[in-house]
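Working notes, beginning with the structure itself.
The values are calculated or read from the model by the stated rules, or taken from the named source; none is laboratory data. Since the model is a prediction, treat every value here as computed from it, not as a measurement. Neighbour counts are summed over all protein chains in view; Cβ atoms, including those assigned to glycine, are modelled from backbone coordinates with ideal geometry. Each accessible area value is taken on the protein alone, full model and side chains, heavy atoms only, with ligands, DNA and RNA left out. Shrake-Rupley method; radii C 1.70, N 1.55, O 1.52, S 1.80 Å.
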Amino acid sequence: MDENLAHYSFRQACGIAPHPGEPEFLLWAQKQNLRFSDLIGTADPFSRITPVPVPVDLSVGSAWLGHAREFTDPNRLAFELDCLSRQQKGAVPAGGYLEYRSEPFLKTYGAGMETQGDIRAEGNNGPVCRSLHLGTDVWAKPGTPVHTLFDGRVVQVWTAGNDGSLTETETVTKTDGPLGSAALMLAHQTLGGMAFFTLYLGLDPECLNRLHKDRAVEKGEELGVVAARTAGENRVPHLHFQVTLDRMGQGCTFPRVVFPDQRQVWRSICPDPNLFLKNQSLAQGPGVDTDTVLAFRCRHLGKSLSLSYDTPLKIVRGSGAFLVDEAGRPYLDTVNNVAHVGHEHPRVVKAGQAQMAVLNTNTRYLHDSINRFAETLLATFPKPLSVVHFVNSGSEANELALRMAKAVTGHRDMIAVEVGYHGNTGACIDISSYKFDGKGGQGAVHTHIVPLPDAFRGLYRGADTGLQYAAHVREQIDRVHAAGRGIAGFICESIISCGGQIELPNGYLKTAYDAVHRAGGVCIADEVQVGCGRVGHAFWAFELHDVVPDIVTIGKPIGNGHPLAAVVCTQKVAESFANGMEYFNTFGGNPVSCSVGREVLHVIADEGLQENARTTGAYLKSGLKDLQKRFPVIGDVRGQGLFLGFELVDETLQPLGDRAGYLANRMRDLGILMSTDGRDHNVLKIKPPMVFSRTNADELLFRLETVFGEDAMAV
Ligand SMILES: Cc1ncc(COP(=O)(O)O)c(C=O)c1O
């Protein structure tokens, strides 16, 4: 670490101004009366229009920037900036002091003079990103003159290549070939004699022919003009203007973006350029601190909402297998099986945006998008499942499935699995033992619970216990019959998620389905978590068990984050349900949702994501099994494809929920999101976006190994 930076960091820890000169500098700066137009002129020397800054949001979560693909496309960014600058005469998009920027943006626009491309580093707690931007960016048109705000002297000169890399030049460089741009550092003094520096990046290299090291400059002098974009340059040229009280190692290592945890220190070393310019548009917003966000949420949002992790995260962007917090830190997401084809997949985003711009209405009109989606979706099912109803959530799908089961059979008694979860509506809670048998639950009258078929710690143990578990389904049917009633149906996930990633033992589902069918009931496969190729060997997890349900409910993954779900059933079920009462659903099956759903299915196919789930899932599972050999606290590793889990127990198979909680929180600290579940909350669930790669799996295994090695995980 730079010696001065260490000094300032210690001062900050002691609660005093990190840079000793900061208080004096701030007092002096406040008395300076400069304007934006003192820094930036106009490209046209005869123009009488005064340049005025218009704020531009380039922060991690900026909706103005939009999708990562868009803002790293220089043509797109240039177009959007141009639109902004047309908003008023003389408008120049500007801003960015102490703004957190995202990794892809910084990879394009550079991080620091010595760290081009080196945005990520390993911190004390896993990977960290330089994301805090220290200067003000001025997105003025090429050719716009840039002036020095103070008398001073050139102390450093750099040339920048097309890739944004900077090379220090000692002498005037006569440029032979096309250079990207030039950068200068000027030294100045306050009235009291305190030295400070200003940094200008993005000037046309022509200025190097006039400005060399040690050359004096006069307040108001034109330093150069904003560089033009050269052929092959992948960035939009602009001026980066930064003030600094310290050259830090003579400037050769001077950064433009720094690590977020050094915010207070760098804010003192590099004060806000707007201290001089005093422009409202460039003023930093007050920012909302996490405590305020949390306090509002606790007071005004539903009181039963929960938050993940001891220290909650504020996530502002998603990309592929990663979520990014407001300070630009990426977290590898192993939890989110909703962002099935990757967070904010560009094709899915585009499909939704495109249809949204044209039409969104209900199913009472003919529309191609619903038919096309239905056709693509039904093609993934075995033949008997050939009718679809579109809804908006997994709960709504199961609610409808229950109505169907009742309509078909004329009965309302359901059989469901212990610790199962099927949704948040009244009827769904009544079949979710995870809820009604848990905290605040009150049991359910017409639901008959069969034991969780847990081959590891359940009533019967071992892979060949399927028939023993299935016998309980028969037993419940007999009980209902004995009470003089009939069975409406049996609902079961094909791998039980909330129960703790429980793979159904051999023969369980087939035997249970046979018993239910013989009793006249319908079988509902809840594929809300496990569907759409996630289990690798099959597109739908029920297919792993050689059964064909009467009704399949689909939710989370099919919309990749858009509220979209579906109920697929046989012709027989659909006909019995259509008893004359219209089924109307305001949003279900709307053209936007259908466009999104169809694109998700196409992306799964085009990108081979089911195959990726199979191969990467197998690789990860074998890595977890290796960890299990070294850390006996891992009692069981199970699951299929990218729907995996491992269970923490002691030597007597007692569940270790506290260790699981510790592990999830430590992994979060190390930049990996995991969740716990199961009756005893001792199972770590792994169900990442299906773009999860081997590299991601290696990262996960590496961090798990670190945490398993910690004292707190010992048994
Ligand atoms: C297996 C299962 N079914 C149904 C649901 C309900 O889906 P939603 O939350 O979309 O209503 C969930 C939600 O977690 C689920 O895990």
Relative contact order (percent) for region 582-715, with alpha-carbon contacts under 8 angstrom and 6 or more residues of separation? 23
Give me the angle, in degrees from 0 to 90, between the Cα long axis of helix 290-300 and the longest principal axis of the Cα atoms of the chain, rounded to the nearest 10. 40
Grab the DSSP H runs of the chain that are 4 residues or longer, score each as -39,500 (n - 2.57), total them, divide by all residues and round the 222 nm result to the nearest 500 deg cm²/dmol. -9000 deg cm²/dmol
Pull out the extension gain between residue 464 and residue 206, defined as 0.36 nm times the separation in residues minus the alpha carbon to alpha carbon distance; nm, one decimal. 85.0 nm
Hull volume per residue for region 300-398, using the convex hull of the C-alpha atoms, in Å³ is 200
Between residue 300 and residue 189, what is 0.36 nm times their sequence separation minus the Cα-Cα distance? Round to one decimal in nm. 34.8 nm
First measure r as the distance between the Cβ atoms of residue 47 and residue 359, then evaluate 1/(1 + (r/R0)^6) with R0 = 60 Å and state the FRET efficiency to the nearest 0.05. 0.85
Carbon and sulfur atoms: what percent of the 1.4 Å accessible area of region 330-424 do they account for? 53
Only Lys, Arg, Asp and Glu count, each charged at its Cβ (+1, +1, -1, -1), so figure out the dipole size of region 391-528 about its Cα centre, rounded to 20 debye. 320
Cβ under 11 Å from residue 60's Cβ, residue 60 left aside: what net charge do those residues give with Lys, Arg +1 and Asp, Glu -1? -1
When Rg is the radius of gyration of the Cα atoms in the chain and Rh is its Kirkwood radius, what does Rg/Rh come to? 1.07
Over region 234-333, give the accessible area per residue in Å² for a 1.4 Å probe, as an integer. 48
Euclidean distance of C-alpha centroids, region 691-712 and region 202-268, integer Å: 40
Going out from 0 in 10 Å bins, what whole percent of all Cα-Cα distances in region 519-659 drops into each bin? 10, 28, 30, 20, 9, 2, 0
Taking 0.36 nm per residue of separation and subtracting the Cα-Cα distance, what length does fully extending residue 153 through residue 583 add? 147.1 nm
Explain nothing, just compute: Karplus ³J(HN,Hα) = 6.51 cos²θ - 1.76 cosθ + 1.60, θ = phi - 60°, for every residue of region 61-69 in order, whole Hz, x for Gly and Pro. x, 4, 6, 5, 5, x, 5, 3, 4
In the chain, what % of DSSP beta bridges are antiparallel (nearest 5)? 75
Carbon and sulfur %, accessible surface of region 58-162 computed with the full protein complex present, 1.4 Å: 47
Give the percent of DSSP beta bridges with both residues in region 24-155 that are antiparallel, rounded to the nearest 5. 70
Using amide H atoms built in the peptide plane, which far-off residues or other-chain residues are under 5 Å from residue 635 H to H? 647, 648, 649
Intensity falloff of region 586-715 expressed as log10 I(q)/I(0), Debye formula with alpha-carbon point scatterers, at q = 0.10, 0.14, 0.23 Å⁻¹: -0.38, -0.66, -1.35
Please compute the modelled spin-label separation between residue 442 and residue 383, points set 7 Å along Cα→Cβ, answer in nm with one decimal. 4.8
Over region 608-658, what percent of the accessible surface lies on carbon and sulfur atoms, probe 1.4 Å? 51
By the C-alpha gyration tensor axes a ≥ b ≥ c (rounded if a/c is under 1.5, else prolate when a/b exceeds b/c, else oblate), the shape of region 61-104 is oblate
